[in-house]
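What follows draws every value from the coordinates through simple rules; no lab data is involved. Bear in mind that the values here come from a model prediction, so they are computed numbers and not experimental data. Positions of Cβ are generated from backbone atoms using ideal geometry, with glycine treated the same way; all protein chains shown enter the neighbour counts.
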Amino acid sequence: MEDNPYIKRWRKGLKRIALVYPNKYASGIANIGLQYIYAYLNSLECICERFYIDVHEGIRSLESKTNLKDFDIALFSLQFEEDYFNAIRILKKSNFKGLKIAGGPCAMINPKPISKFFDAFVIGEVENTRILEIIANARSIEDLECEGIWLKRGRVKRVYPKKLDFYLNRQIIADSVFGRCLILEVGRGCIRRCRFCVARQIYSPPRWRDIRLLKDIAEDYRGIVNKVCLVAPSTLDHPRIKDLLFELVDMGFMVSPSSTRADRLDEEIVEILVEGGLKSITIAPEAGSDKIRDILKKDLSEEDVINAVKVCIDKGIKSFKFYFMIGLPNESLDDVKGIVELVKRVREMKAEISVSVNPFVPKPHTPLQWCPYTCVYDVREGFRVLKEKKKYLIKELSKICNFNIGSIEKFAIQTILSRGDVDVSRIFDFKPSLRIAEKLGLTKYLNGFDIESELPWDFIEHNYKKERLIEEFIQVCEFQN
Ligand code: SF4
């Protein structure tokens, strides 16, 4: 199934560390940060094995089928709020009694809702820090006391490597969500300032990898894989992306970027991507009108999107996937109608288009963190309006393109899991639903927050000043239609 250069055999005296990804193998193995943690821990005086929900139900390890309860430490990677349910199920079912530590973006955003189930949380990126050594040597919770680890009290400052100069000598090549390919992380953080985006906040400052290093890694995989996937929050913003794409295609690789910004898709880039085997392009206009994109600071106009589609079609790409959100600040039904208009314009260009629309979740640490879910202050009315927008899109888009739209209730639950405090943990005793959330008094986290109030995640120090977020939030509130 996988080509793994890091398998280690257990011998007496070696501490066992479980690396648990509470979701499917194909997405877990595509996470190059987790591959680094796995490889690094196995280079220390301990043994690290992995767990995925679709491998032995997440209860026994992939490598040796050892039960989770026989490990000393469990290190969970929380990538999505929905994974909390899997994580808790795994902990309960395995009857794990060792040290329980969680990390990943959800821990960095707001670990409070799930804090009851873990002893400690890693807040930050562990590479080039002392954190992995500290975890590997820990015997008790007290041993975990260090910068970047939150022991469920006081404040914590996020840690991160200043430079992306670390890398894996060898990578586990497997059938991941990107296909069977070499995964090259080209950067972390983002140079853009989209107001809804939590990735740019929790991975700031933007850092790029040296393309000579990326080229050298790719060189070692010539003849082993024929595809390279480039990952970063905004891959095409790498200052030397064209050189990198040229080099990789020249080496004979098919190349696929994990994200594409429409305004970066000029003729030259599209030409190399086509040469590198790319057959379809994913674009996230996010909103249906330039007005809403301006409010979001997306810095992308409808014409940018249309131009990108034109360039792609000219170069032979005919298939597009578009991502939008609804329930955005100051959004009217007219703005939502703009989604349909844009899709029609793209279809008129003889392109195949599939469209995905999700309700917007106002995320912690962003200038929109104080917004209510649906962005309407009367939440009940907000649900009504959002349902109306959803109904309109289903009616108009289902007949003209391949279309899917997220559940309003599911994204409301995600909002509660993302913005809640410790009391949210009670929801994990039930099958999550809005009815249950309401019964438990948790729907208050769907309301807007007061800018004066202390927010559940304010104890985490990221690289921003709260006053700046408040200024931006006020600008959004003052926006006149
Ligand atoms: S371009 Fe993408 S990654 Fe960057 S801030 Fe905007 S949404 Fe976030």
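Computed from point charges on the beta carbon alone (+1 for Lys and Arg, -1 for Asp and Glu), the dipole magnitude for the chain about its Cα centre is near 1440 Debye. Computed about its Cα centre, the charge dipole of segment 328-400 is approximately 300 debye, with only Lys, Arg, Asp and Glu carrying charge at their Cβ.
When each of the peptides 41-50, 449-458 is scored by the mean number of other C-beta atoms lying within 10 Å of its residues, the order from highest to lowest reads 41-50, 449-458.
The average projected area of segment 59-125, computed from the convex hull of its Cα atoms over all directions, is 4.4 nm².
For the pair segment 1-27 / segment 270-288, the C-alpha centres are spaced 35 Å from each other. Taking label positions 7 Å along the Cα-Cβ direction at both residue 330 and residue 93, the computed distance is 4.8 nm, reported to one decimal.
Taking the charge dipole of segment 1-155 about its Cα centre, with +1 at Lys and Arg Cβ atoms and -1 at Asp and Glu Cβ atoms, the residue from 126, 18, 99 reaching farthest to the positive side is 99. Per residue, the convex hull spanned by the Cα atoms of segment 291-331 measures out at 66 cubic angstrom.
Computed extension gain for residue 2 through residue 345, at 0.36 nm per residue and net of the alpha carbon distance, reaches 119.1 nm.
Full extension of the chain between residue 141 and residue 294 yields a length gain of 50.4 nm, computed as 0.36 nm times the residue separation minus the alpha carbon distance. Between the C-alpha center of segment 60-90 and that of segment 299-360 there is a gap of 39 Å. A straight line joining the Cα centroids of segment 156-200 and segment 211-234 runs 13 Å.
For segment 105-137, the residues whose amide N sits under 20 Å from a probe point set 7 Å from the Cα of residue 444 along the beta carbon direction are 110-116.
Close amide-amide hydrogen proximity is noted between residue 289 and no other residue 5 or more places distant or on a separate chain, at a cut-off under 5 Å (H modeled in the peptide plane; Pro and chain starts excluded). Between residue 69 and residue 128, the modelled labels are 4.2 nm apart [label points 7 Å from Cα along Cα→Cβ]. According to the Cα-based calculation, Rg over Rh for the chain is 0.96, with Rh computed by the Kirkwood formula. Net charge dipole, segment 45-128: roughly 500 debye, given to the nearest 20, about the Cα centre with Cβ charges of +1 for Lys and Arg and -1 for Asp and Glu. Taking every Cα-Cα distance in segment 144-235 and sorting them into 5 Å bins starting at zero, the pair-distance distribution P(r) comes out as 3, 11, 18, 17, 16, 15, 11, 6, 2, 1, 0 percent. Scoring 90-97, 415-422 by mean Cβ neighbours within 10 Å over their residues and listing the highest first yields 415-422, 90-97. Per residue, the average separation of C-alpha pairs within less than 8 Å and at least 6 apart gives the chain a relative contact order of 13 percent. Based on the Stokes-Einstein relation at 10 °C and a viscosity of 1.306 mPa s, and on the Kirkwood radius from alpha carbon pairs, segment 385-481 is assigned a translational diffusion coefficient of 97 µm²/s.
Shown here are the Rg and Dmax of the Cα trace of segment 129-168, at 11.9, 34 Å. Per-residue packing, averaged as other Cβ atoms within 10 Å, sorts the ranges 473-479, 55-61 into the order 55-61, 473-479, beginning with the highest. In a fully extended conformation the segment linking residue 337 and residue 477 would gain 48.2 nm over its present Cα-Cα distance, using 0.36 nm per residue.
Each of 325, 273, 300 was placed along the dipole of segment 262-353 (beta-carbon charges, centred on the mean Cα), and the one lying farthest toward the positive end is 325. With a simple spin-label model that places each label point 7 Å from the Cα along the Cα-to-Cβ direction, the separation between residue 169 and residue 409 comes to 5.3 nm. By the Cα gyration tensor, segment 1-100 has an equivalent ellipsoid whose semi-axes, rounded to whole angstrom, run 19, 16, 12 from largest to smallest. Around the amide H of residue 173, modelled in the peptide plane, lie the amide H atoms of 3, all under 5 Å away and 5 or more residues distant in sequence or on another chain.
In angstrom, the C-alpha Rg and Dmax of segment 184-317 are 15.3, 48.
Checking the cross-link filter: which lysines have an alpha carbon closer than 25 Å to that of residue 444, excluding same-chain neighbours under 8 positions apart? Those lysines meeting the cut-off are 112, 116, 152, 363, 387, 389, 390, 410, 431, 466. Using R0 = 25 Å, the C-beta based FRET efficiency linking residue 274 and residue 27 works out to 0.40. Give the shape of segment 92-152 as rounded, prolate or oblate, defined through the alpha-carbon gyration tensor: a ≥ b ≥ c are the square roots of its eigenvalues, a/c under 1.5 means rounded, and otherwise the shape is prolate if a/b is larger than b/c and oblate if not. Taking the square roots of the gyration eigenvalues as a ≥ b ≥ c, segment 92-152 is oblate.
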